[in-house]
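What follows is one structure encoded as structure tokens, with my remarks underneath.
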Amino acid sequence: MEPAASLQHYRAAMVLSGAGDALGFKNQLWEYNKSGPAIHQELQELGGIEKISVELPDWPVSDDTVLHLATAEALATGKAGEELLHEVASRYVEGMKDMEGRKPGPSSILGVSQLRPGVEGGYRVPYNPGGTGCGAAMRSMCIGLRYPKPEQLATLVAVAVETGRMTHPHPTGFLGAVASALFVSYAVQRRPLLTWGLGLVKEACPVAHSYVRSQSYAVEETERDWGYFTDKWEWYLAERGLSTGEGPVQWPQRYGPAERDTAYNSFSLDGWAGRSGHDAPMIALDSLLGAGSDWAELMSRAAFHGGDSDSTAVIACCCWGLLHGTEGVPHCNYSKLEYRDRLESCAEKLYELSHRERTGDGYTAQYLPSAF
């Protein structure tokens with residue numbers, strides 16, 4: 001059994017998620033480049049990843065890290081239940097003031113504009129049938145740092161669902177938040193990587209479905225739109241030979257940058273790989289499965305592809321940091337990262353909170369107010 005995730009692993013998770021975001025974003029240039037081979041050519045011309053110093057002004061973090069920090073800093077207050085949700089909503093509103101050049105998505109902009117933190121029910125917004133994007137998935141990894149224990153699954157799911165649908169009320173969107181949070185909790189637990197996708201489909205999604213049905217918010221619409229997320233994940237697991245969670249992973253015979261672009265597009269909802277709530281964590285998992293402990297290979301797969309590359313990288317790198325720390329990561333990739341201090345501070349607070357509570361202390365879904 002591998003040693004449990006340490007404080008250093010928590011720090012690596014938060015900081016490397018930001019580094020992966022900045023690298024995949026490349027100040028808007030790579031996030032909107034539809035060709036993985038072209039990105040790899042530019043990377044080679046820069047001298048490879050080991051030559052990139054991720055710092056301002058050329059390598060800012062995107063909206064992904066700004067909103068991930070908003071989630072993390074809300075969780076770090078130690079609040080729970082509706083008090084936590086109002087805190088998250090408030091920090092999303094504040095985070096939207098820091099979006100110059102960071103390219104937030106339309107559902108995130110719309111959702112945050114509708115939030116009314118501090119007003120009863122003000123953390124919920126009207127159902128949006130277009131809220132399928134990855135905006136909830138890319139800011140929810142820290143929920144797994146806060147609630148990492150298997151017995152906290154119900155709380156992890158409830159918090160991921162409620163914070164996710166602040167902007168992405170469609171299940172394809174908010175279940176992406178569940179996936180990102182869940183995978184991080186699995187990384188903390190040192191659960192075998194081959195089982196993560198199956199755990200999402202068979203364990204977390206049924207909990208999320210039951211939770212949504214228990215609420216009085218957009219139940220009919222959510223039920224109507226529920227199936228796509230789980231259907232697509234079951235398809236992916238079959239493609240990779242992981243339907244039983246045992247493997248071995250079945251890879252295409254050739255799986256370089258061009259082939260990955262084609263494969264990732266086949267994962268997608270609308271031909272923009274990683275743009276949706278289901279496929280951003282899917283590409284992240286695919287990258288983790290293929291890269292092992294090799295940082296450069298992880299970035300090749302998760303950050304340097306012709307899709308929503310910062311959002312896939314921000315998820316993959318958070319999980320990778322929990323598993324491997326910063327070993328083998330060029331110091332220049334993260335030492336001068338924008339908001340590094342805030343990311344490390346969140347990591348420390350979340351580590352302390354996650355270790356303070358003992359098993360059986362009642363921190364389950366019952367802890368959440370009945371108003372949910």
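Every number here is computed from the coordinates shown, using simple stated rules; none is lab data. These numbers come from a predicted model, not from an experiment. All Cβ positions, glycine included, derive from the backbone under ideal geometry; neighbour counts span all protein chains shown.
What is the dipole size for the chain, taken about its Cα centre, with +1 at each Lys and Arg Cβ and -1 at each Asp and Glu Cβ, in debye to the nearest 20? All intermediate terms of the calculation are to be shown ahead of the outcome.
Numbers: 32 positive and 46 negative charges, 67 e Å.
For this selection, approximately 320 debye.
Spin-label model, GLU352/GLU42: points 7 Å from Cα along the beta carbon direction are separated by 4.1 nm. Projected onto their three principal axes, the Cα atoms of the range 172-286 cover extents of 48, 33, 21 Å, largest first. What label, among [x] 18.3; [y] 15.9; [z] 19.8, belongs to mean projected area of the Cα convex hull in nm² computed from the structure on display? Correct label, based on the coordinates given: [y]. A DSSP coil position with no more than 11 other Cβ atoms inside 10 Å describes the following GluC sites (Glu not before Pro) in the range 317-350: GLU327.
With each label modelled as a point 7 angstrom along the Cα→C-beta vector, the MET99-GLU234 pair spans 3.6 nm.
Placing a pseudo-label 7 Å from each Cα along the Cα-to-Cβ vector at ARG224 and VAL119 gives an inter-label distance of 2.5 nm.
Within the shell defined by Cβ-Cβ distances under 15 Å, the residues around MET99 carry a net charge of -4, with Lys and Arg each +1 and Asp and Glu each -1.
Longest segment of the chain with no trypsin sites (Lys or Arg not before Pro) in a DSSP loop having at most 10 other Cβ atoms within 10 Å?
Values: sites that count: LYS97, ARG254, ARG358.
It runs 98-253.
In nm, what is the difference between 0.36 nm times the number of residues separating CYS332 and LEU29 and their Cα-Cα distance? Write down the numbers at each step before the final one.
Numbers: separation 303, 0.36 × 303 = 109.08 nm, distance 1.99 nm.
Taking CYS332 through LEU29 to full extension adds about 107.1 nm, to one decimal.
With a cut-off of at most 15 other beta carbons within 10 Å, and DSSP calling the residue loop, which GluC sites (Glu not before Pro) in the range 64-155 qualify? Please list them. Mind showing how you got there, number by number?
Working: sites: GLU73, GLU82, GLU83, GLU87, GLU94, GLU100, GLU120, GLU151; in loops: GLU100, GLU120.
Those that pass, being in a loop and sparsely packed, are GLU100, GLU120.
Determine the dipole magnitude for the range 116-173: charges of +1 sit on the beta-carbon of Lys and Arg, -1 on that of Asp and Glu, nothing else is charged, the reference point is the Cα centre, and the result goes in debye to the nearest 20. Spell out each step's value before the answer.
On the way: 6 positive and 3 negative charges, 22 e Å.
It comes to approximately 100 debye.
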